[in-house]
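Below you'll find the structure, written out as structure tokens, and then a few comments.
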Amino acid sequence: MSILPEINWSEGMFLRPHHFQATSRYLNQALSSQNQSYGWGIISLQVSEAQLENLIFEISSAKLRMLDGTFVCVPDNTDVGSREIQNALNNSNGVVDVFFALPRLREKTPNTLPLGEKALDGYDRRYIVHLKDIEDENTGGNIQQLEVKKLNGRIFFSGENISGYDVIRIARVIRSGDSRNTPILSTEVFPPVLELRASSTLYKLCQDVYHRIVAKNRILTAQVAEGNISIHSNVAEAIQIMLKIQVTASFAALIHQLLESSQIHPYTIYLEFCRFAGELSIFSKGMELPDIAPYDHNELAVCFHGLCKQINQLLEQVISVTYVKGEFEIKENQLECILRDEWLTDSMDFYLGIESDYEERIVFDRIDNIKLGAVSDLIFFTQRRLPGLEMQRLMRTPPGLPDRKNAYYLKVKQDGEFWNNVLKDKIIAISGLIDPKMTYHLYILRRT
């Protein structure tokens, strides 16, 4: 709708609903114009996993801001129905983008559906009237039924006609690929978010960059502390090392604070990552300025993955990484990690890493219930009640591995018949009582 000028309020004027409606629109437009850059997106979103398994997309709760500044809160100020998603998945090779939509305000046509009525002209109304019991906030009593209007939200799937609606992509649904092939939310696509923590995958990606910076800084400072770098023997090298320590330490401290903030915008993190990449570039071969893609609020996965990859490559030139990380995948009732040939040399140490919000005592109690070894040995371990590969619990993070909160490490003993079976199969697996609230990683650390 067109932008309205401010109402000319004057004493004794006859008030009509139009005055309040126009004032509300004027204030909303003024507020929207003051929004920060990219001031729209998801604040929080909860999709019913149970309903999704039943091929129904249903928003349990959500907070988001539309491009025009409209604040949406499901279910408090917005109604939105669920939708069956099976046909959409079948017609799109099992990949469907999901959009939240609001009907646009239309001039000279009804925008609010009165209480108990239905739209018969084929147009969705932006608002729907409801009755709500509201108490006197001064007395806490005198409850009265008032007419309130809620936003009339809709769910659209990719390929559908969205003309006449303001929309935000909120999710991508894919087939799980397991035996049931049920729909799940994709973690590869990040919808536009107003707060970094609204996307757990994006937040984890930024956390990984932070932990890698910290690991590099720890290695550099250890070299100085252990006397491997002497300012008297090589002044140029010593100065460069100290500059690397300064850059990594300053950005590690800064990024840590940003990641701990509950309301940090992804654009803020992106700008700091760009600054960090620029400072790291002076240590790269040729000292070339990195070619960083512009921030794209609609394609956060593309721009963040690209920038984080550049940062990791630049960090490699600061000091070569001393570890690689293997990912476990669910295979039937166990976790399996495929081992690459270059990991299976005598110069590599293997560590099982666990991340969990449990207390340390609970974490290691749970670990006592799992068995680690070659896939072919796991059944044998269970039948003979053997513990599996021997693992040494570590009280401190080994130098060169990510030192992060709620992370625990066990060193895998690399000898004996059972370890030789791992080398033969080139797969290491975990079986037993695997707690879904504990995440397992395999770290391979090169001995220095």
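When you restrict to C-alpha pairs under 8 Å that are six or more residues apart and normalise by the size of the stretch 314-448, the relative contact order lands at 47 percent.
Distance distribution note for the stretch 323-446: the fraction of Cα pairs above 23 angstrom is 25%.
Spin-label model, V95/L27: points 7 Å from Cα along the beta carbon direction are separated by 4.5 nm. The charge dipole of the stretch 198-318, taken about its Cα centre with unit charges on the Cβ atoms of Lys, Arg (+1), Asp and Glu (-1) only, comes to about 220 debye.
Remark: the L258-K413 segment gains 52.0 nm on full extension, using 0.36 nm per residue and subtracting the alpha carbon distance. Both radii come from the Cα set of the stretch 125-246: Rg as radius of gyration, Rh as Kirkwood radius; their ratio Rg/Rh reads 1.32. Work from the charge dipole of the chain (Cβ charges, +1 for Lys and Arg, -1 for Asp and Glu, about the Cα centre) and give the residue of L31, L194, L151 farthest towards its positive end. Looking along the dipole axis, the top candidate is L194.
Dividing the summed helix terms, -39500 (n - 2.57) for each DSSP H run of n ≥ 4, by the number of residues in the chain produces a 222 nm estimate of -10000 deg cm²/dmol to the nearest 500.
A simple spin-label model places pseudo-atoms 7 Å from Cα toward Cβ; at E279 and D403 they are separated by 1.9 nm. Highest GNM mean-square fluctuation among L394, L67, L335, for the chain modelled with Cα contacts below 10 Å: L394.
The relative contact order of the chain, computed from alpha carbon pairs under 8 Å that lie at least 6 residues apart in sequence, is 12 percent. For the stretch 1-144, taking the reciprocal of the average inverse distance between every pair of different Cα atoms yields a Kirkwood hydrodynamic radius of 18.8 Å. Build a GNM of the chain with springs between Cα atoms under 10 Å apart, and of I430, I143, I213 the one that fluctuates most is I143. Between L243 and S200, the C-beta separation translates, for a Förster distance of 35 Å, into a calculated FRET efficiency of about 0.50.
Applying a DSSP loop filter and a limit of 11 other Cβ atoms within 10 Å to the GluC sites (Glu not before Pro) in the stretch 338-440 leaves E359. Among F273, V318, I85, flag the residue with its Cα farthest along the positive direction of the charge dipole of the chain, charges on Cβ as +1 for Lys/Arg and -1 for Asp/Glu. It is V318, whose Cα lies furthest towards the positive end.
Taking the Cα centre of the stretch 283-421 as origin and charging only Cβ (+1 Lys, Arg; -1 Asp, Glu), how large is the dipole, in debye to the nearest 20?
Dipole about the Cα centre, nearest 20: 440 debye.
Taking the charge dipole of the chain about its Cα centre, with +1 at Lys and Arg Cβ atoms and -1 at Asp and Glu Cβ atoms, the residue from Q246, A119, M13 reaching farthest to the positive side is Q246. For the chain, the longest principal axis of the C-alpha atoms and the axis of helix 235-260 are separated by about 40°. Here the spin labels are modelled as points 7 Å beyond Cα on the Cα-Cβ line, and at F14 and D136 they lie 3.1 nm apart.
Each peptide in 243-253, 283-293 receives the mean, over its residues, of other Cβ atoms within 10 Å, and ordering these scores from highest gives 243-253, 283-293. With N the number of residues in the chain, Rg(Cα) / (2.2 N^0.38 Å) evaluates to 1.26.
Computed about the Cα centre, the dipole magnitude for the chain is approximately 360 debye when only Lys and Arg (+1) and Asp and Glu (-1) carry charge, each at its Cβ. Largest mean-square fluctuation among L202, L401, L89, in a Gaussian network model of the chain whose springs join Cα atoms under 10 Å apart, belongs to L89.
All of the numbers you see were taken from the coordinates with simple rules; none came from a lab. The shown structure was predicted, so the numbers you read here are calculated from the model rather than taken from an experiment. Positions of Cβ are generated from backbone atoms using ideal geometry, with glycine treated the same way; all protein chains shown enter the neighbour counts.
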